[in-house]
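Written out below as structure tokens is the structure these notes cover.
The values are calculated or read from the model by the stated rules, or taken from the named source; none is laboratory data. Small disclaimer: the values here were computed from a predicted structure and weren't measured. Cβ atoms come from the backbone with ideal geometry, glycine included; neighbour counts cover every protein chain shown.
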2 protein chains.
Amino acid sequence: MKTIDFTIVSGGVTAAAGFVAQGCKAGIKASGNLDLGIIYSEKECTAAGAFTTNRIRAACVTANEKLLPSEKIHAVLCNAGNANACTGARGDQDVVTSRESVGSALSVPADSVLVASTGIIGEFLPVEKIQNAVPALVSSLSREGSDVFAKSIMTTDTVQKEYAIEVALSGGKVKIGGCCKGAGMIHPNMATMLGFVTTDASIDSHDLNRLHKRAVDMTFNNLTIDGDTSTNDMVLILANGASGVTVSGESDLDIFKAALFEMYNVLCAKIAEDGEGATKRVEVNVYNGKDFADCKKAAKAIANSNLVKCAMFGNDPNWGRILCACGYSGAEFAPDAIEVTLCGVPVYMNGGPAKFSAPELSAKLDNPVVKVDIDLGHKTEIHAVAHTCDFSYDYVKINAEYHT
Amino acid sequence: MKTIDFTIVSGGVTAAAGFVAQGCKAGIKASGNLDLGIIYSEKECTAAGAFTTNRIRAACVTANEKLLPSEKIHAVLCNAGNANACTGARGDQDVVTSRESVGSALSVPADSVLVASTGIIGEFLPVEKIQNAVPALVSSLSREGSDVFAKSIMTTDTVQKEYAIEVALSGGKVKIGGCCKGAGMIHPNMATMLGFVTTDASIDSHDLNRLHKRAVDMTFNNLTIDGDTSTNDMVLILANGASGVTVSGESDLDIFKAALFEMYNVLCAKIAEDGEGATKRVEVNVYNGKDFADCKKAAKAIANSNLVKCAMFGNDPNWGRILCACGYSGAEFAPDAIEVTLCGVPVYMNGGPAKFSAPELSAKLDNPVVKVDIDLGHKTEIHAVAHTCDFSYDYVKINAEYHT
């Protein structure tokens, strides 16, 4: 991956020129909290999406998949509190109705509107509440609205999650901004992950689609809170070209690719940090695998291991669990060539335990961010990262509560 | 699977004729509890094994794999408290030394002795403690020793786990007895699963190996407490022919196959029931998949889902999580053809939620055994079962404790 210079800028989905956003309380959540948001660009956007691999797919997922990639997108509508999943033909119709409502209020075609939902599954979307709320929501869209938008998509998230950067391409500077919501919903249950990214770069839809899918594969697809894949997961990117700068040529594509990785990787870290019940974020970096797929397998297996995650909660420098997860990951390595490092301290090397002070390492583990580094020993310089959090009593508490 | 008549008989690994066993306190566990056991048959046994798929393999696993299948096995030595994993060449030598010690005491070849270990990884086996304990252990081997043997292999297990049955073959009755230990070790951590089964049937080693591997694949390989696969998992079976009855012809093979399934399935249920922190056992039966692999995928994904397991702990009739796990399992099904039944109550059918009383179903979930039934809708009459337990605060507590 190319190393790039970039500047962190303030804001989220409206950091890039030409995007406005807003959120409101439409009455979908029983709590009465913010639950509906819109992102809008007057200029038509090139757009791409990455979606859940679950065979059970929410109506919004199948609807967006039919439209993307596209060069004619204007808006994204997102609701929290109801997933509109397992709702059959009526669910599909509710997506159409929602789109028409937004299209009409914005005076854009209904099929230029993407939709996302997160919340309880198996209940019909209260579409009339959305229809009632959309006109006022549209009239209040603003350059300052990204903050409220980011709040309106939250479920069990305890903090809003936004990030924005500026990078220089050959023709000038462009901004990329985004927000996301993380894993877990207090009321029902899917660990739905949603990400929305906007950029004022101009980019060919084929390139955008390719770079987006690759960056998602390197980041969001390696993010795990509890190993469950929701019916509603999606990450959308919209590029409106409002900066007047085009992603042009191999060098620009490389920079843009690296910028998307930076953007998505930080959003993933924010989700991991705010995982259900998390007391700390855990980042697993795997180096020198046979290939990227192997690095990814090992990183995900470690990040997914309940035993590793419980050890992290307990500040337990338990390298055996890490090595064990690596062993069943399917990644190829020689047991005497692998090295395991925890918080910068080598714990396993040359086929046996390394010498370290367990109490000192335990103290290092008592930290908001813990890094696990694995060297698979193939000297390929290939790397993959997986993000997760520790596993605490509160995870069980949040997910054992009776939902009906 | 053929339905067979069988009788449950008392005992465990010594229920079948010609087997003796015993356990003792060799000082391997810091607690001073029982930690070393032997199973012995004076008659040479046909034997087969099934082993962890983890790339990191304990010394006992690689040693047994080299010997099996075999027709010359006399004994199994098992220790708890130390896994002898990640211990390199010295670990291999310690296996050789242990075998020689048992072989010498029993006057049988060292390579007729199988070995199994469970406990902390990365520490050398205190082999001299084993050498010191073996002579007295061997001299106390008895037909009544299965109970103490079953206790000597326990780690975080709260109860010993034994089962024995008698079935009629064409030439007469044979007995099959076994014991196992379940998931999780309080002191270090691998969720090591060990199973030892003995029978007085006479059976060809090729047939035994094939039927054993198939039965393990249908039972132990679908057992999940926390999704982690240990470095030391193994299930061994020894057949000494002491009943004088041979498994002969297709009909006998079918009966023996079904008997092994019954045996292993019950042992798995016992492990699930005693899973770390478990308050209830959860049995997932998947019917009518495209093929066995698909039924198994769906059953395992549901049994492995932390969200499903937390819902079971909370008596939450949360069918969305079950359907979601089925969706990402990789099993093929049409979302409107799948049916989900919880404690005998249909909760999802015809592509939508079924009508049921949530409080009544929640009351049914408050039970020591909960059954989840899935019909994938392919009308193949193929079935797979997966065993697990719920996920409680205590699981996190047990696995977060600092181990050094």
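Quick notes on this one:
- Flag for A:Gly275 being outside any strand (DSSP E or B), more than 10 Å from chain B (Cβ to nearest Cβ), touching a Cys at 6+ places or on another chain (Cβ under 6 Å) and at pLDDT 90 or above: no
- Some residue of region B:370-388 being at the interface with chain A (Cβ under 7 Å from one of its Cβ atoms) and buried (at least 16 other Cβ atoms within 10 Å of the Cβ): no
- From B:Asp94, B:Asp111, residue being crowded, with 20+ Cβ neighbours inside 10 Å and in contact (Cβ under 8 Å) with a residue 12 or more places away in the chain: B:Asp94
- Filtering region A:309-318 to residues that are facing chain B (nearest Cβ under 7 Å) and in contact with a Phe, Trp or Tyr (Cβ under 6 Å, 6 or more places away or on another chain) leaves A:Cys310, A:Phe313, A:Gly314, A:Asp316.
- Selection of region A:142-155 for residues being buried (at least 20 other Cβ atoms within 10 Å of the Cβ) and under 12 Å from A:Ile39 (Cβ atoms) yields A:Gly145, A:Ser146, A:Phe149, A:Ala150, A:Ser152, A:Ile153.
- Looking at A:Gly49, A:Gly103, A:Gly27, just one residue is more than 14 Å from every other protein chain (Cβ to nearest Cβ), of a type outside the set (D, E, K, R), crowded, with 19+ Cβ neighbours inside 10 Å and not in a helix (DSSP H, G or I), and that residue is A:Gly49.
Yes/no per residue for (1) more than 22 Å from the chain's Cα centre (by Cα); (2) more than 14 Å from every other protein chain (Cβ to nearest Cβ); (3) assigned to a strand (DSSP E or B):
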{"position": "B:Cys45", "(1), (2), (3)": "no, yes, yes"}
{"position": "B:Arg55", "(1), (2), (3)": "no, no, no"}
{"position": "B:Lys66", "(1), (2), (3)": "no, yes, no"}
{"position": "B:Glu71", "(1), (2), (3)": "yes, yes, yes"}
{"position": "B:Asn84", "(1), (2), (3)": "no, no, no"}
{"position": "B:Ala116", "(1), (2), (3)": "no, yes, yes"}
{"position": "B:Phe124", "(1), (2), (3)": "yes, no, no"}
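- Single residue of region A:288-301 satisfying the filter (modelled with pLDDT of 95 or more and over 29 Å from A:Leu208 (Cβ atoms)) that is surrounded by the most Cβ atoms within 10 Å (Cβ to Cβ): A:Ala298
- B:Gly351 being buried (at least 18 other Cβ atoms within 10 Å of the Cβ), within 13 Å of chain A (Cβ to nearest Cβ) and on the phi > 0 side of the Ramachandran plot: no
- Inclusion of A:Val61 among residues that are within 14 Å of chain B (Cβ to nearest Cβ), among the hydrophobic types (A, V, I, L, M, F, W, C) and closer than 30 Å to A:Tyr395 by Cα is warranted.
- Among the candidates B:Asp254, B:Asp207, B:Asp294, residue that is within 24 Å of B:Asn54 (Cα to Cα) and in contact (Cβ under 8 Å) with a residue 24 or more places away in the chain: B:Asp294
- Any chance B:Val95 is over 27 Å from A:Ala334 (Cα atoms), within 23 Å of the chain's Cα centre (by Cα), assigned by TED's automatic domain parsing to the domain that holds B:His212 and at pLDDT 95 or above: no
- The residues of region A:309-361 that are farther than 23 Å from B:Gly91 by Cα, within 30 Å of the chain's Cα centre (by Cα) and in contact (Cβ under 8 Å) with a residue 40 or more places away in the chain, listed by number, are A:Lys309, A:Cys310, A:Met312, A:Phe313, A:Asn315, A:Asp316, A:Ala331.
- When region A:123-138 is filtered for residues that are touching a strand residue (DSSP E or B) at 6+ places or on another chain (Cβ under 9 Å) and either surrounded by 20 or more Cβ atoms within 10 Å (Cβ to Cβ) or modelled with pLDDT of 95 or more (or both), the ones remaining, listed by number, are A:Leu125, A:Pro126, A:Lys129, A:Ile130, A:Ala133, A:Val134, A:Ala136, A:Leu137, A:Val138.
- Of all residues in region B:319-348 being crowded, with 21+ Cβ neighbours inside 10 Å and aliphatic (A, V, I, L, M), the one that is farthest from the other protein chains (Cβ to nearest Cβ): B:Leu342
- Hits in region B:219-257 (condition: part of a helix (DSSP H, G or I) and at pLDDT below 90): B:Phe220, B:Asn221, B:Asn222
- Only residues that are away from chain B (no Cβ under 14 Å) and of a type in the set (Val, Ile, Thr) were counted in region A:218-270, giving 8.
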